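A quick write-up on the structure given underneath.
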Amino acid sequence: MGRWRAAEMADERGVMLVLAVAVVAIGTVTAVTRPGLWRLGQDGTPAAGSGVRYGGSYRAGRWVAAPPRRQDWSGFQGRGPGSAK
Amino acid sequence: MGSSSLGGRRDPAVLLWPLASLLLPLLPLMVLLVSALEWPRRLVMVVPEGQRVLSAPFELQDGWLGSPRLALTAEIPPNSTIELDVALLDGNGRTVLTLTKDGWRASGTWAEEGESGTWEEDDAGLALAMRPGQSGRFQLAVQLQDLLDEAGQPLPNPVVVRGSVSNHSVDAPLLWFTALLTLALAQVLLLACYGVSRGRWVQRSQQASAAIRCEAGGPGLLRLVVVARWELPHDNPPLGQPPDPAALELRVSDAQGRIRLQHREMVAVAHRSNDGDHWLSVRHTLHLRLPERGSYRFRLQLPEEFRVDGDTWDIEWLQLSVEDGRMTAWPVSVLPLDGAVEGR
């Protein structure tokens, strides 16, 4: 009984260690390589910050300019990505 | 046995390797530190209204060791708005990306509960994180469309736009998150290694002694923790100093009642007080190694009372806990058991 419990506890520790190593490896490698980052020529546009409008987007490897926009920017609309467009 | 295969070199009850897990959260923080050492390329452009201004050429590298990051900030006066067109040009001067930044800067004064001050908020910058597809030289073309005051009237320009280009930026929030998550996992691991026991028995007594008989022994150490409290019979503050160390007596007997250990040591007595209450307390931990599993009785005794400078402190309660199969991170002093082979 005691030996069985000790072996079970050792297994849990091993799983916890493997989990911690996996988390640190996956998180660090993802943060450095950033596999989901937009690449020039890829469909769409990079992620837009607040108040940023792209003048077009990539489609099938070509930059397609968006149609001219109405001048509806009235300034001081506050912060946040929904403030313009 | 699981403990000996996982354990330290000499003492199977000392587990060192889980402590190494505390180094894991340092890895993402080290990456963050190294990435902060990259000195970004600085760009400065003076942009008059209506005129397209080109930045100095800069290189964007494609690779997996971090990623390019372009940041631009327009220096605009307080209480103004700006519309800035930005284009990214490749080495042939071809436009590969265009965007417009609607920026603003606002300031004012605040007054609250007799205090006042000024506040300022702005959103006049942009950051572009992307990969160029293939490494090469690029340029930025910046054009000022509008620089208006609060009333919508044009403001005197030009505007200074400052930029920075780094090629090996990393995802800092993800690295911080990874470090925190790994730290939490490491703490769970430490708890699973040093905070668990095969069995735990607790006895609380109104006297200054307590005894527990239990089935214990095997891999790991047996930990005895005693906590005791003495109080004055009245509510008056104590007259004298805290008492000298007190005698603690431990007796361990086996299934046949034979005494296997008789131990006596002096333990420190602390004087504590809180909100007008005064008491004396002892908290002490002892470690034993019981190589053979069996029935053992642990009896622990402390003084029933202390007489110090006219004060008589009486025992209020004593709590004894026995935890079997404990692992430690550091070597601890272990009481030798009579008849048992004790390595330390």
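The values are calculated or read from the model by the stated rules, or taken from the named source; none is laboratory data. Computed from a prediction, not measured in an experiment: that's the story for all the values here. FYI the Cβ positions are ideal-geometry reconstructions off the backbone, even for glycines, and counts take in every protein chain you see.
I need the full set of residues from the stretch B:136-156 which are more than 11 Å from chain A (Cβ to nearest Cβ) and over 17 Å from B:Leu54 (Cα atoms), in order please. Break it down stepwise before answering.
Applying the first criterion (more than 11 Å from chain A (Cβ to nearest Cβ)) to the stretch B:136-156 yields B:137, B:139-144, B:153-156.
Within the stretch B:136-156, B:Gln153, B:Pro154, B:Leu155, B:Pro156 meet the criteria.
Quick one: would you say B:Ser295 is modelled with pLDDT of 90 or more and assigned to a loop (DSSP other than H, G, I, E, B)? Answer is no for this residue. Within the stretch B:236-249, not a single residue is under 28 Å from B:Leu15 (Cα atoms), assigned to a strand (DSSP E or B) and modelled with pLDDT of 90 or more. Within the stretch A:56-65, the set of residues being within 9 Å of chain B (Cβ to nearest Cβ) and aliphatic (A, V, I, L, M) comprises just one member, A:Ala65.
Could you run through the stretch B:6-38 and say how many residues are in contact with a strand residue (DSSP E or B) (Cβ under 9 Å, 6 or more places away or on another chain) and in contact (Cβ under 8 Å) with a residue 40 or more places away in the chain? The total comes to 7. Take B:Gly108 and tell me if it is surrounded by fewer than 20 Cβ atoms within 10 Å (Cβ to Cβ) and part of a loop (DSSP other than H, G, I, E, B). The answer is no for B:Gly108. Here the condition is being farther than 15 Å from B:Pro245 by Cα, in contact with a strand residue (DSSP E or B) (Cβ under 6 Å, 6 or more places away or on another chain) and not aromatic (Phe, Trp, Tyr); of B:Glu305, B:Glu316, it holds for B:Glu316 alone. Among the strands (runs of 3 or more DSSP E) confined to the stretch B:120-185, the ones with at least 3 residues that are over 19 Å from A:Val52 (Cβ atoms) and touching a residue at least 60 places away in the same chain (Cβ under 8 Å) are located at B:136-149, B:159-169. On the given criteria, is B:Asp90 among the acidic types (Asp, Glu), at pLDDT below 95 and within 42 Å of the chain's Cα centre (by Cα)? The answer is no for B:Asp90. Here B:Ala141 qualifies as modelled with pLDDT of 95 or more, surrounded by fewer than 19 Cβ atoms within 10 Å (Cβ to Cβ) and of a type in the set (A, V, I, L, M). Filtering the stretch A:11-55 to residues that are farther than 28 Å from B:Gln145 by Cβ, touching a Phe, Trp or Tyr at 6+ places or on another chain (Cβ under 9 Å), surrounded by fewer than 20 Cβ atoms within 10 Å (Cβ to Cβ) and facing chain B (nearest Cβ under 7 Å) leaves A:Thr33, A:Arg34.
Among the residues here, B:Arg344 does not qualify as at pLDDT below 95, of a type in the set (D, E, K, R), under 30 Å from B:Leu19 (Cβ atoms) and surrounded by 19 or more Cβ atoms within 10 Å (Cβ to Cβ).
Go through B:Asp311, B:Asp324 for me and flag whichever is acidic (Asp, Glu) and more than 14 Å from every other protein chain (Cβ to nearest Cβ). First the steps, then the outcome.
Working: B:Asp324 fails: more than 14 Å from every other protein chain (Cβ to nearest Cβ).
None of the other options fit; the residue is B:Asp311.
Taken over the stretch B:38-88, the criterion of being away from chain A (no Cβ under 12 Å), among the aliphatic types (A, V, I, L, M) and surrounded by 15 or more Cβ atoms within 10 Å (Cβ to Cβ) is satisfied by B:Leu43, B:Met45, B:Val47, B:Val53.
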